Amino acid sequence: MKPVTNFKERALAVMFPVRCPYCGRVIYVDDYACRDCKKKLPQTVYPRFAVGGFPCVSPFLYSGAYADAVKRFKFAKMIGYARTLSVPVVRAVKERFPGEAFDCVAFVPMHPKKLRRERFNHAEELARECAALLGLPKVDLLEKFKNNKTQHTLKRSRRAKNVRGVFRVSDKSLVKGKNILLIDDIITTGNTLGECARLLKREGCRSLCCATVCSTSV
């Protein structure tokens, strides 16, 4: 990647250095990982299916440095990781879905109350960066109107019921006939992605594929 050259970029790089999401080293503002971590990035991708049979792909398994990167992104509010983590996500999408001509990139929404508390929706920020890399629009197709319990706090047997009836399609006219890429940070049981995908498919989208940073299994 090219080094920072103009004064504004230099000043921003000094005040707000961009760090490798996997080890924390400072990297160039337009890079996505340090040289050492790039060498260690998995060369394969991890395909899964969300509940309902919707295909999903992730560049990493949820372990080690990759799990730590997602945790810092979500819980330490490292919003800058959205850009760096989107690069391997898009690589995985292109490898897993080479024939898909996506029309837009959507994301798993956050309840407004939680969004005010968290200050940003990590899935939306990932979708924004993935959309930019793919040259597609990021669209708000879904909304979360019921504030349910957090999925990872529940037993697997209760997760399907927990997400049922908490989302809805916000604009049906943007869904019908579209090929949609749906983004989230992690796929665990696949219930959340599956429920969102089910609603979009019910409203007439042509195809629906999912992508996340990490998968908890293969």
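The values are calculated or read from the model by the stated rules, or taken from the named source; none is laboratory data. Keep in mind that this is a model prediction, so the values were computed, not measured. Neighbour counts run over all protein chains shown; Cβ positions are idealised from the backbone, glycine included. These accessible areas exclude ligands, DNA and RNA; they are computed on the full protein's heavy atoms, side chains included. Shrake-Rupley method; radii C 1.70, N 1.55, O 1.52, S 1.80 Å.
Of the chymotrypsin sites (Phe, Trp or Tyr not before Pro) found in the stretch 83-157, the ones in coil according to DSSP and having at most 15 other Cβ atoms within 10 Å of their Cβ are PHE120, PHE145. Working note: Cα gyration tensor of the chain, eigenvalues times five, square-rooted, sorted largest first, giving semi-axes of 29, 19, 18 Å. When exposed loop sites are taken as trypsin sites (Lys or Arg not before Pro) in a DSSP loop with at most 15 other Cβ atoms within 10 Å, the longest stretch of the chain clear of them is 26-76.
When the Cα positions of GLY135, PRO112, ALA67 are compared along the charge dipole of the chain, PRO112 comes out farthest toward the positive end, with charges on each C-beta of Lys, Arg, Asp and Glu.
In the full protein context, the stretch 117-205 carries 50 Å² of accessible surface per residue, based on a 1.4 Å probe and ignoring ligands, DNA and RNA.
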